[in-house]
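The structure under discussion appears below in the form of C-alpha cells.
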Amino acid sequence: MSSITFRGVTKRYGDVTAVSDLDLEIADNEFMVLLGPSGCGKTTALRMIAGLESITEGELSIGDRVVNNVEPQNRDIAMVFQSYALYPHMTVRRNIESPLRADRSKRLSKGDRDARVAEAAGILGLEDYLDRKPAALSGGQRQRVALGRAIVRRPQAFLMDEPLSNLDAKLRTQTRAELVQLHTDLATTFVYVTHDQVEAMTMATRVAIMNDGRLQQAGTPREVYEDPANLFVARFIGSPPMNTIDGQVVVAQDGTTGVVAGDQLIPSTNAPAGSAGRKVVAGIRPEHLVPHPDGTITGKVTGTEWLGHERQLLSHVPIGDSNSVQVISRADPDGDDPRPGEQMRFAVDPDRVHLFDADSGARMRRTDS
C-alpha cells in the first residue's frame, strides 16, 4: 500500500505556521496535486512526506506506517525537484543508475541495475541518450533523466515539486501528458506540487487546494471547479477566474430569490431559506454570463479578447455608489465584436450562480428549511 495520510499535521518555524492542522488522505495509486499560491504551505507539506521537514504536531503515515520519526532514506519514496540536480560529469545512464549504486543496503547486481535503467529509459524515451552527459541534453530531456532516476528506485510514492516550471510552454504541455501516462504505467502514488492550475486540472486524480497553510478543499478537478467550497477556491480555480459581485439576497413576491447589487439583479436559486437581506458575494463563471437582450445584468464593454476558439468580452458592471466591477463573459468566436463603451445586457442561469457569505467566504447552499 502506498497511501499517504496527514492527520492534524502542523509545521511551525518559530512564530510562523507554514502548515496548520492538515487532514488529507491520498489514496493508493492516486495522482494528487497540491495546488495554491506561493507561500501557501504546499511545498512544506510535500517535504514533510519526504522527511526533509520535521512535523511540529500531528501524524503522517505512508501505507500503514507512521513515519514522523523515520529517516528520509527509509521512507521508500522518490522525489523529483524543480531543479534537475543531475551529476554533470556522469552520463545519462550513470545518472539514472546512481540511486541504485548509492543504497548499499539494497545493492543490486550489475545485471539488475542495467535492466532497471533500460526499463526507465524505455518508459521515458531516453534509449538514444544514455551515453550523453546532461550538458548535451535539452531541458525536457534533463527533466526526463531526473524522472528516470526516481523510477529505477521503484518507490511506494513519487513526490514532485514543480518539476515542469523550467520548461517552455510547448514542452510543459507535452510533458504533462507524459507524466499522466507514466502514472498509469507505473500504477503508484504521485504527489505533485504546483501553483499552475492548468497543470493541476489536466493531470490530477484529485486536487488539494491550499492557502495560508490551510487546506481549503480537496476533490476532483471537476468538483473544485463546479462546486467550490469557498470564495478563495472559486476565485483561484478557473482561467479566466470566476466573476464575483458583492450584493445582498432578495426574495420576490413569487418566492424566487436573487442578489441585488446596486441596480443589478442577479437571479440565483442557491440562496438558503431565511437568508433575505444577507450580504453575499455572487459568483458566476464566464461561460455562464451570456450576452442576451433580456438579461438582468447590464455592463459597459471595455474590450474584447479573441482567442480563436472563443471570445472573451470584458465589461464594467456598475453596482451602486459610483462603484463598478469588471466581469468577463465567454462568447462565440464568430460575429462582430461590440464597440468599446457599448452597453450590453447579460443573462445567467440561476442554478449556476454560486453564493458565498460576505464575511466568512464560505459557500452558501440551498436548503429546504
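The values are calculated or read from the model by the stated rules, or taken from the named source; none is laboratory data. Note that this is a predicted model, so its numbers are computed, not measured. FYI the Cβ positions are ideal-geometry reconstructions off the backbone, even for glycines, and counts take in every protein chain you see. Only protein heavy atoms, including side chains, enter the accessible area calculation; ligands, DNA and RNA are left aside. Shrake-Rupley method; radii C 1.70, N 1.55, O 1.52, S 1.80 Å.
Screening region 150-170 for residues that are assigned to a helix (DSSP H, G or I) and open to solvent by 40 Å² or more (accessible area, probe 1.4 Å) and picking the one that is farthest from Ile49 (Cα to Cα) gives Lys170. Taking the stated definitions as given, is Ile96 buried (at least 20 other Cβ atoms within 10 Å of the Cβ) and more than 30 Å from Pro134 (Cα to Cα)? The answer is no for Ile96. Given the structure, is Leu34 closer than 30 Å to Arg235 by Cα and either in contact with a Phe, Trp or Tyr (Cβ under 6 Å, 6 or more places away or on another chain) or β-branched (Val, Ile, Thr) (or both)? No; evaluated as a whole, the condition is false for this residue. Selection of region 291-300 for residues being open to solvent by 10 Å² or more (accessible area, probe 1.4 Å), part of a strand (DSSP E or B) and over 11 Å from Arg330 (Cβ atoms) yields Thr298, Lys300. Scanning region 123-149 for residues that are open to solvent by less than 40 Å² (accessible area, probe 1.4 Å), of a type in the set (Gly, Ala, Ser) and over 24 Å from the mean Cα position of the chain (by Cα) turns up Gly125, Gly148.
Residues in region 274-290 that are in a strand (DSSP E or B) and either surrounded by 19 or more Cβ atoms within 10 Å (Cβ to Cβ) or at pLDDT below 90 (or both): Val280, Val281, Ala282, Gly283, Ile284, Leu289. If I ask for residues that are at pLDDT below 90 and either more than 31 Å from the chain's Cα centre (by Cα) or in a helix (DSSP H, G or I) (or both), which ones from region 79-110 would you list? Residues satisfying the conditions are Pro99, Leu100, Arg101, Ala102, Asp103, Arg104, Ser105, Lys106, Arg107, Leu108, Ser109, Lys110.
Summed over region 236-273, residues that are closer than 30 Å to Arg311 by Cα, open to solvent by less than 60 Å² (accessible area, probe 1.4 Å) and among the small types (Gly, Ala, Ser) total 6.
Being β-branched (Val, Ile, Thr), in contact with a Lys or Arg (Cβ under 6 Å, 6 or more places away or on another chain), more than 22 Å from Val198 (Cα to Cα) and open to solvent by less than 30 Å² (accessible area, probe 1.4 Å) is a condition met by no residue of region 32-52. The residue that is farthest from Thr244 (Cα to Cα), counting only those in region 301-318 that are of a type in the set (D, E, K, R) and open to solvent by less than 60 Å² (accessible area, probe 1.4 Å), is Glu310.
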